[in-house]
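The values are calculated or read from the model by the stated rules, or taken from the named source; none is laboratory data. Not measured: the values here are computed from a predicted model. All Cβ positions, glycine included, derive from the backbone under ideal geometry; neighbour counts span all protein chains shown. SASA here: full protein model, heavy atoms, side chains in, ligands and nucleic acids out. Shrake-Rupley method; radii C 1.70, N 1.55, O 1.52, S 1.80 Å.
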Amino acid sequence: GIPVSAIAMKLLDVRLKPSSAISKSVIGEFTKSAIASKTQQIVVARNGGVLELYVIKTQPTPSLKLEHRLETRSILRDMVPVRLVGEKRDVLAVTSDSGCLSIVDFESDFISENPTLVTSPYGKSGCRRSTPGQHLASDPKGRAICVSATEKRKLVYVLNQNTTEQQSMALATPREAHRTRTLCLATVGVDNGYDNPIFACLEVQYPDSEDSISSNKPPSKQLAYYELDLG
């Protein structure tokens, strides 16, 4: 006669000593103080889902000073700085195992406000080879972001300035640029001026037959360009 109810158990792993291994770092100007002092900043992604913002000090001796530290409680896959058209400072685009593309603003208050401007889901959670997020690239003019998976799938987000709400950025519906039987090794944004944004991808296209795969000749690498038609 004892009622039985399902209980969801959630475990949280909090380390006393943060991880020292760095998976990736990017450089930019993420706060107003950096723009005023004309100094550059470095965002470091550490193992364990930690984002750290450092400012480059030149006086009296060259050094790095920690300004912000953000615990994301996730596995960070890739990140890239983005600067919108007409803006003077950068924001950070981050992909993780949550299956979402997040835009982080380091100017907001880390205690009372959410530093994430936009969170757009694009796939299942977890680090999957067919889920986008492994490679991230931005247009140098800040008009689009390309999110690539290890295999086949690519999504391109157009960045828009949102003037009706408090958020200064809005993501449009992503455009698909999928290629079957294709492995993506790297993705970068090409400086194309004010023409249509172009993203360059280093890819390997494997055959669909087992006989070709079992041959001793490895597949050759390809440099593919993807152009986003803004019209």
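Listing for the model above:
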read-out: Summed side-chain charge close to Gly28 - residues other than Gly28 whose Cβ falls under 9 Å, Lys, Arg +1, Asp, Glu -1; value: 0
read-out: Helix-only [θ]222 nm of the chain, DSSP H runs n ≥ 4, -39500 (n - 2.57) each, per residue, nearest 500; value: -1000 deg cm²/dmol
read-out: Accessible surface of the chain, 1.4 Å probe, proportion on carbon and sulfur as whole %; value: 51
read-out: Cut-off under 5 Å, modelled amide H: who pairs with Lys24 long-range; value: Ala45
read-out: Two-decimal Rg/Rh across the chain, once Rg and the Kirkwood Rh are taken from alpha-carbon atoms; value: 1.03
read-out: Residues listed by number, region 72-93, amide nitrogen under 17 Å from Leu64 label point at 7 Å toward C-beta; value: 79-81
read-out: Built amide H within the under 5 Å cut-off of Gln40, gap 5+; value: Ile56
read-out: Largest-first ordering by accessible area, 1.4 Å probe, given options Glu151, Glu227, Glu87; value: Glu227, Glu87, Glu151
read-out: Accessible area (Å², per residue) of the chain, counting only protein heavy atoms and a probe of 1.4 Å; value: 61
read-out: Charge tally in the Cβ shell below 13 Å around Thr180, where Lys, Arg are +1 and Asp, Glu are -1, Thr180 excluded; value: +1
read-out: In Hz, Karplus ³J(HN,Hα) per residue of region 115-127 (6.51, -1.76, 1.60; θ = phi - 60°; x = Gly, Pro); value: x, 7, 7, 9, 10, 10, x, 10, x, 6, 6, x, 8
read-out: Test item: Cα-centred dipole of the chain, Lys/Arg +1 and Asp/Glu -1 on Cβ, debye; value: 540
read-out: Chain lengthening between His178 and Ile27 when straightened (0.36 nm per residue, less Cα-Cα); value: 51.4 nm
read-out: Around Leu76: net Lys/Arg minus Asp/Glu count, Cβ-Cβ under 15 Å; value: +1
